[in-house]
Structures are given as structure tokens and as C-alpha cells.
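Please read the structure below before turning to the comments.
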Amino acid sequence: MSQKVAVDALRYISVLLLFRFMNSLGTAFSFISNDAVAKIQILENYRCGANGQMYFTVQSMVKYEVDHRLVDLEKRGNHYESGCRTLLRLHRALKWLQLFLEKLRVASDDSKTSVLCSEAYNDSLANYHPWIVRKAAAIAFYMLPSRASFFEIMNMGPSEKVVATLGDALPLISKTYDITQELYNQHCFLDLP
Ligand SMILES: CCCCCCCCCCCCC/C=C/[C@@H](O)[C@H](COP(=O)(O)O)NC(=O)CCCCCCCCCCCCCCC
């Protein structure tokens, strides 16, 4: 299998796993997973499109879309679903994920995942969502199980193993977030419409 096909297969599997994971949490999360998968698909389409090589890295995507004026900077226009604005939405979600996983990692087993999730959301994504989305998210979070049950759904082994895995993953998530945050800050892209 060529490397590109292998990478595409891995990407497909990761989106499928995200979709299946979110669906296992119940239909209350479908509006979240649908939006996330739709945004991932937008980026996938750019990656596999005529100028796919320009979307190989975040840096090359930003340069290409800036050089070719393919980003709506002030208000939504002809480039409503640019790669840059689409990635910004997922980048903001990555901050939520980083905060949530850190809380999950250090919490006690009887902690409420709904509280940990809400706290992380209120400190990150909530600042970019209208009232109605925040309320829908709050209802979805309320459906979340206890930390122990959540770990079972994650299907990553006993709690100790999950905590250790989260400890390994979090520095990588933080580094990914920081690189994109710095790049978008340099281009004044942190508030793309
Ligand atoms: C574990 C439970 C998962 C909780 C997920 C918390 C995030 C809540 C997001 C709620 C908003 C979703 C609805 C979409 C709103 C969009 O308007 C809004 C703006 O986009 P637009 O400018 O194109 O309209 N979209 C966004 O902000 C992007 C939201 C993307 C959410 C990605 C969530 C991924 C969740 C991954 C869970 C993985 C858990 C792993 C545990 C080990």
C-alpha cells in the first residue's frame, strides 16, 4: 500500500472512530459530530483537490489562501468555507479538548464528566457560540456518564492506562494548538468570520 493511501486510510478511520465515539454518547451529540465531521470533510476535500499539495501543512494552506485571496477576512463572502476559517473552528475545539482531557486526567473516578466537559467548554468554545448552541451543548453534556463509564466508552483499558495515555497525548495536543495559535495570531486570523 502506497504511503498516501495508507495515510488516507488512517484519516478515514480516525474520522469514523470520532463519529462512532460521538454516536455512542447518544443522539444529543449528533449535532456536534455532524458539524465536526462536515468541517473535517471540507479540509479533506481541499487536501484531495486540484491544489491538494498546498494543503499539506497548516503553514502552506495559510500561505496559499492568503496569496490567492481565498479567505474572507472581515465578513462572510465568496470564501465562506475557506480552509483557514474551517480549521480555526476545529482549532478552537482543540482548546476545549485539551482542557477537557486535562480535567478528565486528574479527576477522581466519581467525578461528573458533564461538569468537567461544561467547565472546559465554558473556558473555550462557548465564547464563540451563540446562546442557542451553548444551551444545546449544555443539554448534551448533561447526558454524559460518570468518569469511570466514560473511560469504558473510550475503550482504552483500565483507568490507570487511560490516565497514562492522556498524559502522553496532552503535550502533543498542546503543541499542535500552540503552533496553529501562533501562526493564526501572526496573520490576525483568530477572528475569521
Ligand atoms: C465528549 C463529549 C463531546 C463534547 C463536545 C464539546 C464541543 C461542543 C461543541 C458544540 C457546538 C457544536 C455545534 C456547531 C456549532 C458551529 O456553529 C460552530 C461554528 O461553526 P460555523 O462558524 O461554521 O457555524 N462549530 C464549531 O465551533 C466547531 C465544533 C466542533 C466540535 C468538535 C467536537 C469534537 C469532539 C471530540 C470528542 C473527543 C473526545 C475524546 C475523549 C477521549
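Roughly what angle does helix 83-106 make with the longest principal axis of the chain, taking Cα atoms, 0 to 90 degrees, to the nearest 10?
On a 0 to 90 degree scale, this one is about 20.
Using a 1.4 angstrom probe on the protein heavy atoms only, line up Met54, Met154 by accessible area, largest first.
On the way: Met54 70, Met154 35 Å².
Output order, biggest surface exposure first: Met54, Met154.
Taking only Cα atoms, what is the 0 to 90° angle, nearest 10, from helix 159-186's long axis to the longest principal axis of the chain?
30 degrees
Treating only the Cβ of Lys, Arg, Asp and Glu as charged (+1, +1, -1, -1), what charge dipole size does the range 79-172 show about its Cα centre? Round to the nearest 20 debye.
Numbers: 11 positive and 9 negative charges, 80 e Å.
Here the range 79-172 has a charge dipole of around 380 debye.
Can you tell me the accessible area per residue over the range 77-188, all protein chains present, probe 1.4 angstrom, in square angstrom? Working shown, then result.
On the way: 6130 Å² over 112 residues.
Normalised by residue count, the accessible surface of the range 77-188 is 55 Å².
Within the range 131-171, what residues put their amide N at less than 14 Å from the label point 7 Å along the Cα-to-Cβ vector of Asp35?
Zone members listed by number: 131-141.
So if a site counts as exposed when it's one of the chymotrypsin sites (Phe, Trp or Tyr not before Pro), its DSSP state isn't H, G, I, E or B, and it has at most 16 other Cβ atoms within 10 Å, what's the longest stretch of the chain without one? Could the numbers behind the result be given before it?
Numbers: sites that count: Phe56, Tyr80.
The reported range is 81-193.
Take the residue pairs Lys75/Lys175; Lys75/Lys135; Lys112/Lys161; Lys103/Lys135 and return only those whose Cα atoms are more than 24 Å apart. Present the calculation step by step, with values, prior to reporting the outcome.
Values: Lys75/Lys175 30 Å; Lys75/Lys135 26 Å; Lys112/Lys161 19 Å; Lys103/Lys135 22 Å.
Correct reply: Lys75/Lys175; Lys75/Lys135.
For the range 75-184, which trypsin sites (Lys or Arg not before Pro) are in a loop by DSSP, counting at most 14 other Cβ atoms within 10 Å? Provide the component values of the computation, followed by the final result.
Numbers: sites: Lys75, Arg76, Arg85, Arg89, Arg92, Lys95, Lys103, Arg105, Lys112, Arg134, Lys135, Arg147, Lys161, Lys175; in loops: Lys75, Arg76.
Qualifying residues, ordered by number: Lys75, Arg76.
If you fit an axis through the alpha-carbon atoms of helix 113-122 and take the longest principal axis of the Cα set of the chain, what angle between them do you get, 0 to 90°, nearest 10?
Once rounded, one gets 30 degrees.
How big is the gap, in Å, between the Cα center of the range 136-193 and the Cα center of the range 50-109?
Cα centroid of the range 136-193 versus Cα centroid of the range 50-109: 15 Å apart.
The values are calculated or read from the model by the stated rules, or taken from the named source; none is laboratory data. Note that the structure is a prediction, hence the values are computed from the model and not measured. For neighbour counting, all protein chains shown are included, and Cβ atoms are generated from backbone atoms with ideal geometry for every residue, glycine included. Surface areas here come from the heavy atoms of the whole protein model, side chains and all, with no ligands, DNA or RNA. Shrake-Rupley method; radii C 1.70, N 1.55, O 1.52, S 1.80 Å.
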